[in-house]
Amino acid sequence: MEKFGQFICKHKVAILIISLLLLIPSIIGYKATRVNYDILVYLPDNIETIKGENILADDFDMGAFSVVILENMQSKDIIEKQFREVGNVEKVVGLTDIIGTDVPLEMLPDEVKDKLYKDNTTPVLVTFKDGISEDTTMETVEKLREISNENCKISGMTATVLDTRNLSDSEVIIYVMIAVALCLIILQLALDSYLAPVLMLLNIGMAVLYNMGTNAFLGQTSYITKAISAVLQLGVTMDFAIFLYHSYKAEKEKASNNDEAMTTAIAKTLVSVLGSSLTTIAGFLALCSMNLTLGKDIGLVMAKGILIGVITAVTTLPAMLLVFDKWVEKTKHKEILPRFEKWKNFNIKHYKAIIVAFLVILPVAVYGYSKISVYYDLNKTLPQTLPSIEASNTLEDKFN
């Protein structure tokens with residue numbers, strides 16, 4: 001461990017340059033990684049639903065479908081004709097395809113008419129050749145929306161997947177920035193330097209980019225993995241950075257120079273965080289055993305992210321702290337966060353009472369956990385203002 005630390009300290013500038021250069025392929029890999037927005041893709045192939053979907057796609061060229069609610073009957077025939085001309089569209093089944101052109105709407109029984117026409121709106125079934133979450137299918141839905149403009153609403157899984165993609169892509173940067181801002185505030189309170197927290201967050205930001213870039217080797221990741229991995233990696237690996245910084249500070253008081261202090265700090269950090277990181281990695285890898293392969297997707301990405309976080313915590317971060325040590329020292333301030341000495345002493349003095357209290361609370365917690373209901377419809381978590389959700393609600397309200 002000592003020799004490894006000495007190597008890092010000796011080549012700190014080179015390590016920093018290499019770390020920055022590695023961001024280029026990482027960004028390229030991140031851009032090249034396809035993001036999947038359809039949760040159904042992660043279901044096992046032997047499930048009846050997936051078998052049925054594959055039969056529809058392979059044997060009937062009906063990989064997906066949408067029910068389009070046309071709200072302007074005067075332009076219905078024109079829009080249906082334009083729908084049929086879109087490349088990935090297999091069939092368009094409208095009102096006239098069902099009842100023909102010879103039967104006036106007024107002659108239809110109410111129970112039939114209510115299923116086909118109501119309030120100047122009518123449902124039109126559009127089937128697509130490719131699967132629900134294929135890029136071509138989502139592009140087709142976008143074209144249908146352009147064609148119909150304000151005259152229709154498009155429901156169906158593909159429309160929901162498309163809206164989920166747009167929503168996720170627009171918000172992921174925002175909440176990552178919020179997470180970074182909150183971490184920065186907490187670290188400014190907890191540490192004794194204004195610059196050190198910035199270096200830590202830069203180090204973890206680079207580790208996140210490395211992780212996202214290497215996802216290219218997996219082929220694709222789910223939008224859920226993309227949405228949570230950056231913030232999870234930030235939260236889980238921040239401890240490694242804090243431990244190294246505190247260890248470096250303590251060793252500086254005993255060592256003759258900064259390199260010697262950092263060498264010892266790296267060795268101590270590796271010994272301390274290796275066991276902690278390996279148990280966390282093992283926990284995420286356990287998700288790979290799920291039949292719902294979304295667990296494998298999240299597990300592999302997060303396990304890889306933590307491993308990368310450990311590596312950067314003992315290579316890139318020490319190099320940063322050594323190169324910018326002068327500025328770290330110049331920006332030192334008094335630690336604002338209290339030491340919690342009274343809390344520590346209270347716990348030590350009353351440990352028996354605390355154990356009893358936890359044992360008393362445990363049955364209440366177990367009871368509360370047993371009463372938590374679990375939902376499996378991710379659409380309920382989406383805003384009701386999304387076009388696909390509005391279309392589904394209209395379809396349910398008007399045509400049951």
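Things worth noting here:
- I389 vs. criteria part of a helix (DSSP H, G or I), closer than 28 Å to T221 by Cα and modelled with pLDDT under 85: yes
- Any chance A181 is open to solvent by less than 40 Å² (accessible area, probe 1.4 Å), modelled with pLDDT of 90 or more and of a type in the set (G, A, S): no
- Exclusive hit being more than 34 Å from the chain's Cα centre (by Cα), buried (at least 19 other Cβ atoms within 10 Å of the Cβ) and among the β-branched types (V, I, T), set T263, T316: T263
- Scanning region 184-231 for residues being of a type in the set (V, I, T), within 23 Å of the chain's Cα centre (by Cα) and open to solvent by 30 Å² or more (accessible area, probe 1.4 Å) gives a total of 4.
- Boolean, A64 is surrounded by fewer than 17 Cβ atoms within 10 Å (Cβ to Cβ), in contact with a helix residue (DSSP H, G or I) (Cβ under 8 Å, 6 or more places away or on another chain), in contact (Cβ under 8 Å) with a residue 60 or more places away in the chain and aliphatic (A, V, I, L, M): no
- Just one of (1) within 30 Å of L209 (Cβ to Cβ); (2) open to solvent by 50 Å² or more (accessible area, probe 1.4 Å) fails for G29. It is (2).
- Count of region 139-176 residues which are closer than 30 Å to G52 by Cα and without any contact (Cβ under 8 Å) to a residue 40 or more places away in the chain: 2
- Subset of region 333-374 [within 30 Å of N257 (Cβ to Cβ) and open to solvent by 90 Å² or more (accessible area, probe 1.4 Å)]: K334, I336, R339
- Residue match in region 244-253 (condition: within 22 Å of V328 (Cα to Cα), loosely packed, with under 14 Cβ neighbours inside 10 Å, of a type in the set (K, R) and free of Cβ contacts under 8 Å to residues at least 12 places away in the same chain): no
The values are calculated or read from the model by the stated rules, or taken from the named source; none is laboratory data. Small disclaimer: the values here were computed from a predicted structure and weren't measured. Note that we place each Cβ from the backbone using ideal geometry, even for glycine, and neighbour counts take in every protein chain shown. For the accessible areas, the whole protein counts, side chains as well, though only heavy atoms, and no ligand, DNA or RNA atoms are used. Shrake-Rupley method; radii C 1.70, N 1.55, O 1.52, S 1.80 Å.
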